[in-house]
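Step one of this worksheet: look at the structure below.
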């Protein structure tokens, strides 16, 4: 499975489901119909896509949206949430983190106000995405996906390793310069 196949599955899941839990179930079911190598490829392609948004400015954007409550794990889950929005949204945000200002869910979060008023379902995170290929693989093959990946000389990264230009995570001037539209939405939201 190449990147196109990965995104085809994700985009079908987005079109066929109403929320991330349904999306997880849909993807698990579809992946379970595929050969072992294709399931492994899905896991690898997911990691490759996630790395496209593993930059300091993407982390700065996630941190702004989440009122500074975006550590390493939260940023990792935020990256998965971005994948779960589908290829068009993801590609736009990968090219420019400020494009998050166009995402309906992000605009909704800005309208909700401080994070203290958010429900668990409101948070832009999707930890479960990384368990999807494992669950599908184990259900069909009664084996561990990481063992198959290891036999292919592959491994998944379950942490963030941001690249790109360094940012000042909490400096209003730096934030406003790098992600001005997001700053306009979240810069005055009290923490």
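Quick rundown of the values:
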quantity: Top-ranked residue of segment 132-164 - restricted to ones that are within 21 Å of the chain's Cα centre (by Cα) and without any contact (Cβ under 8 Å) to a residue 24 or more places away in the chain, ranked as nearest to residue 21 (Cα to Cα); calculated: 146
quantity: Counted residues, segment 128-154 - those being at pLDDT below 95, touching a helix residue (DSSP H, G or I) at 6+ places or on another chain (Cβ under 8 Å) and farther than 27 Å from residue 82 by Cα; calculated: 3
quantity: Condition check for residue 167: under 18 Å from residue 45 (Cα atoms) and surrounded by 12 or more Cβ atoms within 10 Å (Cβ to Cβ); calculated: no
quantity: Count of residues meeting criterion [over 20 Å from residue 157 (Cα atoms) and surrounded by fewer than 17 Cβ atoms within 10 Å (Cβ to Cβ)] in segment 33-48; calculated: 2
quantity: Given (1) within 21 Å of the chain's Cα centre (by Cα); (2) modelled with pLDDT of 90 or more, number of the condition residue 174 does not satisfy; calculated: (1)
quantity: Residue tally, condition assigned to a helix (DSSP H, G or I) and either free of Cβ contacts under 8 Å to residues at least 12 places away in the same chain or in contact with a strand residue (DSSP E or B) (Cβ under 7 Å, 6 or more places away or on another chain) (or both), over segment 52-72; calculated: 0
quantity: Of all residues making up segment 173-188, the number that are out of contact with any helix residue (DSSP H, G or I) (no Cβ under 7 Å at 6 or more places or on another chain) and surrounded by 11 or more Cβ atoms within 10 Å (Cβ to Cβ); calculated: 3
quantity: Residue list for segment 166-180, restricted to those being under 13 Å from residue 63 (Cα atoms) and not in a helix (DSSP H, G or I); calculated: 167, 168, 169, 170, 171, 179
quantity: Condition met for residue 101 (closer than 20 Å to residue 164 by Cβ, surrounded by 21 or more Cβ atoms within 10 Å (Cβ to Cβ) and within 13 Å of the chain's Cα centre (by Cα)); calculated: no
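Every residue, every condition in (1) under 27 Å from residue 8 (Cβ atoms); (2) buried (at least 17 other Cβ atoms within 10 Å of the Cβ), yes or no:
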residue	(1), (2)
56	no, yes
85	yes, yes
95	yes, no
120	no, no
128	yes, yes
144	yes, no
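The values are calculated or read from the model by the stated rules, or taken from the named source; none is laboratory data. None of the values given here were measured: they were computed from a predicted structure. With ideal geometry, Cβ positions are generated from the backbone for all residues, glycine too; neighbour counts draw on all protein chains shown.
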